[in-house]
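Below is one structure, written out as structure tokens; the observations come after it.
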Amino acid sequence: MVRWLRAGLLAVGAALVLSPPEATSCGPDVLAPVYTDDKEPAAADQFVRGDLGILAPGFRHYYLAIAYRYLTGGTVDPKQLGPESAPGENQVAPPAEEAWRQSRSSVPGAPDVNYINRYRDNPETHDYYLNCYDDAFVTATATLRARVAKYGVKSEIVRDWLNAQDTVFADCSEGKTIPAAAPPTADALARADRNYQIACAHFYTTQFEAAKTEFLAIGNDASSPWLELGPYLAARAMIRAGAFEDAERQLKSIVENAPAPAARERARRLIGFVETKLHPVQRMTELAREITAPHPADFWPTIQDYIWLYDVLASHEGELDKAAANDDLTDWIQTFQGGTTQRASDRWQAKHSTPWLIAALYYASPDDPATPKLIAAADQIPSRDPGYLSAQYYAALTLENSGHTDAARQRLNRLLEGKWPENARNLLLAARMKIDTTWQDFLRDVPRRPGAQTGYDYAAEGSKGEPASDLHTPGVDFDGALIFNRQIPLNMLAAAAKDSSVPASIRRQLSVVAWTRAVVLGRMEAALDISPILASLVPLLAPDLHAFESAPADARGFAAVWAMLHNPGLGVAMETGFGRLTAMNRIDTFRDNWWCSHSKSVPPPTESLSWITPEVSAALGHVYGEKPPQALFLTQDQKRAAEADTKAVDAAPAGPNFLAERTLAWANAHPDDPRLPEALHLVVRATRYGCTDDRTQQYSRRAFDLLHRRFPASQWTKKTPYWFQ
């Protein structure tokens, strides 16, 4: 019922309305790991049982409200939580509708109904809202079974009732068709049923005044089986019409006068919603108190209503502040999600509770006189406390930011000995990697295991949209990728690729990057050095790499280009997460092929632009702040080498242009090379499926013209009917 109320409010276009969620882009939702989610915990089932991991301000209000309850000594019975994966959203539960369809199919001659659209357009907002909820289908199913039992499945009365009910459900989405009144020959029960169906049809077709009048009449008909529901549904019609004060009076009358306890309880719950409209700040306080009560009743609908009302008040300036002044839960969520050092510190000094300690540590400043007290307070929290890890983690970050790196490292070392959810562990690793002072420590901390994954593996054969990669495959997050791509020289990339202590999934990417960079930079000896390890980690490349290794010195450059032309997965930059999912020798559908020019493939120079992009989670960004990750362990010689390598890679052409330049030069110098037709065909293909710039078109045209002029009879020429702009 609570979810119906929420949709009902949206339907009437009342003063306080919940804004629709931000639109998502229409780009491909490619499979990606989640290392440090700042929207919700990766292991939600563990979270609701008290394993909170590391709390982040970006967590949805649902999770923060549950966390607050645990942090203040309460518990949550998972059985009291609803099944929805996204609390507060309108959910459709097909089983109720399916049960209705199965029940009605038992009536001889009943027409098939394969789909019932439950949503109706709101002409005021041009949004669709859920109009017919599960309770309508449950009631209809129970009524049909009862009438079949009374009249028989072949009865004309049953068929007439079913036809009217089909009309009612058709009204869920469009039209204003109202069932005809019961014939004069109908008995009292059939007439009562029809009156109820007519009132429901008026309700679903937004004719709320008529529905209210008819439901009130039903409530005055002592012979009607719908007697008890009539007054309650009249109140719902008042709510849909926006007459909240009338609805409040109607519901209070039911609570005071209805003989049935169930009727009084329904009305009592609905009063809470009406009071939300009439007295939102007061209702917000009541809901917060219910959530934090020692033994809350109806926890799931209560927390849903609280979350919804929080969002509504937050959209009206000053309203949420009024609620926060009345209850600690709202004050804490509001402060944790958008507070300041001073506000969080003041609240903790006034409350001295675990939730406020975590908020104060999150916003702690090295200059705040209260900061040492905050760190000392974190050490007083028992390790079994649900807030222990959050307090310790943010205390470690506070120590880092205060320049006490040894103390921070000791704390993080101790925490990383424990068993935590992967997302929490990844944040601990990031915090420690930030202050690593040796190359081996960096290689120890850079691998991250996903806590979850999003999107689909489009490249997986037969995947049918289902993620196919191993969730436990280690990868690198944005901090590790930035350091590898911008700050590590080529020889160290190659060394890491050979280091057996590094996970194979990361060594695979490193070997690809090191070999490709060596070729692009013209350092063939380095490419020869890394070639064997690359062949072992990516066996698909072995034949091309063996040909590269055995080629004469003056032909080795084109042998490398030949390998690149056949393997679009060869690139110059470490990718975050699972990396390129398409097979090394296959064109990626979304143009993740070879490499782009500096501005597109390698993160920009960290001196001029922030490293925090929309793809970097706020939780990871909080570890480093605006200052990008730095490899503190490098010597001056290593820094200079990395700077030279990065500058050269930045200056290199995009993959298709590089391959075209080298192939055209080779064709001019070696016009009789039998590989040229295929190579030129692949160059044209690369200009279609790789990153391009204003020079790519010229290369595509030149390769096309040379192929058609010099090799007109080649099969590769026939496969190349176009060049690409």
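The values are calculated or read from the model by the stated rules, or taken from the named source; none is laboratory data. Keep in mind the model is a prediction, meaning the values are calculated, not measured. Cβ placement follows ideal geometry from the backbone for every residue including glycine, while neighbour counts extend to all protein chains displayed.
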- Message: Exactly one condition in (1) in a helix (DSSP H, G or I); (2) modelled with pLDDT of 95 or more; (3) of a type in the set (A, V, I, L, M, F, W, C) is false for ILE239; which is it?
- Response: (2)
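Scan the stretch 694-725 for residues that are surrounded by 15 or more Cβ atoms within 10 Å (Cβ to Cβ) and not small (Gly, Ala, Ser) and report the count.
At the first step, the residues of the stretch 694-725 found to be surrounded by 15 or more Cβ atoms within 10 Å (Cβ to Cβ) are 695-696, 699-704, 706-708, 711, 714, 716-717, 720, 723-724.
In the following step, the residues that additionally are not small (Gly, Ala, Ser) were identified as 695-696, 699, 701-702, 704, 706-708, 711, 716-717, 720, 723-724.
Residues that pass the stated criteria total 15.
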- Please give the number of the condition ARG448 fails out of (1) touching a Pro at 6+ places or on another chain (Cβ under 7 Å); (2) more than 23 Å from ILE506 (Cα to Cα). (2)
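In the stretch 357-384, how many are among the aromatic types (Phe, Trp, Tyr) and part of a loop (DSSP other than H, G, I, E, B)?
Of the stretch 357-384, the ones among the aromatic types (Phe, Trp, Tyr) are 362-363.
Narrowing the set further to residues that are part of a loop (DSSP other than H, G, I, E, B) leaves 363.
Of the residues in that region, 1 qualify.
Could you tell me whether LEU664 is modelled with pLDDT of 95 or more and either crowded, with 22+ Cβ neighbours inside 10 Å or in contact with a strand residue (DSSP E or B) (Cβ under 7 Å, 6 or more places away or on another chain) (or both)? Walk me through it before giving the result.
On the way: modelled with pLDDT of 95 or more: yes; either crowded, with 22+ Cβ neighbours inside 10 Å or in contact with a strand residue (DSSP E or B) (Cβ under 7 Å, 6 or more places away or on another chain) (or both): no.
For LEU664, the condition - modelled with pLDDT of 95 or more and either crowded, with 22+ Cβ neighbours inside 10 Å or in contact with a strand residue (DSSP E or B) (Cβ under 7 Å, 6 or more places away or on another chain) (or both) - is not met.
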- Query: Taking the stretch 228-249, which residues are over 21 Å from ALA142 (Cα atoms) and either over 45 Å from the mean Cα position of the chain (by Cα) or of a type outside the set (Gly, Ala, Ser) (or both)?
  - Reply: ARG236, MET238, ILE239, ARG240, PHE244, GLU245, ASP246, GLU248, ARG249
- Of the numbered conditions (1) within 46 Å of the chain's Cα centre (by Cα); (2) closer than 18 Å to ILE254 by Cβ, PRO225 fails exactly one; give the number of that condition. (1)
- Message: Criterion first (within 27 Å of LYS79 (Cα to Cα) and not in a helix (DSSP H, G or I)) does ALA263 satisfy it?
- Response: no
- Scanning the stretch 565-582 residue by residue, those under 23 Å from ILE488 (Cα atoms) and assigned to a helix (DSSP H, G or I) turn out to be none
- Query: From the list ALA535, ALA555, which one is crowded, with 19+ Cβ neighbours inside 10 Å, on the phi < 0 side of the Ramachandran plot, assigned to a helix (DSSP H, G or I) and not assigned by TED's automatic domain parsing to the domain that holds LEU680?
  - Reply: ALA535
- Item | Selected residue (criterion: surrounded by the fewest Cβ atoms within 10 Å (Cβ to Cβ)) from residues of the stretch 306-343 that are of a type in the set (Gly, Ala, Ser) and in a helix (DSSP H, G or I) | GLY338
- How many residues does the stretch 671-697 hold that are touching a residue at least 40 places away in the same chain (Cβ under 8 Å), closer than 18 Å to GLY569 by Cβ and basic (Lys, Arg)? 1
- Note on the structure: So, first residue farther than 25 Å from LEU130 by Cβ in the stretch 171-196, second residue hydroxyl-bearing (Ser, Thr, Tyr) and crowded, with 17+ Cβ neighbours inside 10 Å, Cβ within less than 7 Å, six or more apart or across chains; the pairs are ALA192/SER224
- Taking TYR129 as meeting all but one of (1) surrounded by fewer than 18 Cβ atoms within 10 Å (Cβ to Cβ); (2) closer than 30 Å to HIS61 by Cα; (3) hydroxyl-bearing (Ser, Thr, Tyr), write down the number of the exception. (1)
- Tell me which of these VAL34 doesn't satisfy, since it passes every other one: (1) at pLDDT 75 or above; (2) surrounded by fewer than 20 Cβ atoms within 10 Å (Cβ to Cβ); (3) aliphatic (A, V, I, L, M); (4) within 18 Å of GLN453 (Cβ to Cβ). (2)
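So which of ALA631, ALA560 is assigned by TED's automatic domain parsing to the domain that holds GLY522, at pLDDT 95 or above and not in a helix (DSSP H, G or I)? Reasoning before the result, please.
On the way: ALA560 fails: not in a helix (DSSP H, G or I).
Testing whether each residue is assigned by TED's automatic domain parsing to the domain that holds GLY522, at pLDDT 95 or above and not in a helix (DSSP H, G or I) leaves just ALA631.
State all residues of the stretch 344-394 that are charged (D, E, K, R), over 30 Å from the mean Cα position of the chain (by Cα) and surrounded by fewer than 22 Cβ atoms within 10 Å (Cβ to Cβ); if no residue qualifies, say none. Give the steps one after another, and end with the answer.
Step one: of the stretch 344-394, the residues charged (D, E, K, R) are 346-347, 351, 367-368, 373, 379, 384-385.
In the following step, the residues that additionally are over 30 Å from the mean Cα position of the chain (by Cα) were identified as 346-347, 351, 367-368, 373, 379.
Listed by number, the residues that qualify are ASP346, LYS351, ASP367, ASP368, LYS373, ASP379.
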- Could you check how many residues of the stretch 96-110 are within 16 Å of LYS154 (Cβ to Cβ) and either in contact (Cβ under 8 Å) with a residue 24 or more places away in the chain or buried (at least 17 other Cβ atoms within 10 Å of the Cβ) (or both)? 7
- Note on the structure: Here the qualifying pairs (Cβ atoms under 8 Å; residues six or more apart or on different chains; first in the stretch 568-580 and buried (at least 21 other Cβ atoms within 10 Å of the Cβ); second polar (S, T, N, Q) and in a loop (DSSP other than H, G, I, E, B)) come out as PRO568/THR582; PRO568/ASN585; PRO568/ASN593; GLY569/THR582; GLY569/ASN585; GLY569/ASN593; PHE578/SER469; PHE578/THR473
- Task: Please find, within the stretch 149-165, the residue that is farthest from LEU189 (Cα to Cα) out of those that are in contact with a Ser or Thr (Cβ under 9 Å, 6 or more places away or on another chain) and at pLDDT 95 or above.
- Result: GLN165
- Query: Of (1) hydroxyl-bearing (Ser, Thr, Tyr); (2) in contact with a Leu (Cβ under 8 Å, 6 or more places away or on another chain); (3) under 29 Å from ALA211 (Cβ atoms), SER253 satisfies all except one. Which?
  - Reply: (2)
- Looking across the stretch 330-356 at residues that are of a type in the set (A, V, I, L, M) and closer than 20 Å to ASP38 by Cβ, the single one that is modelled with the highest pLDDT is ILE333
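Of all residues in the stretch 392-408, which are in contact (Cβ under 8 Å) with a residue 24 or more places away in the chain and assigned to a helix (DSSP H, G or I)?
TYR393, TYR394, ALA395, ALA396, LEU397, THR398, LEU399, GLU400, ASN401, THR405, ALA408
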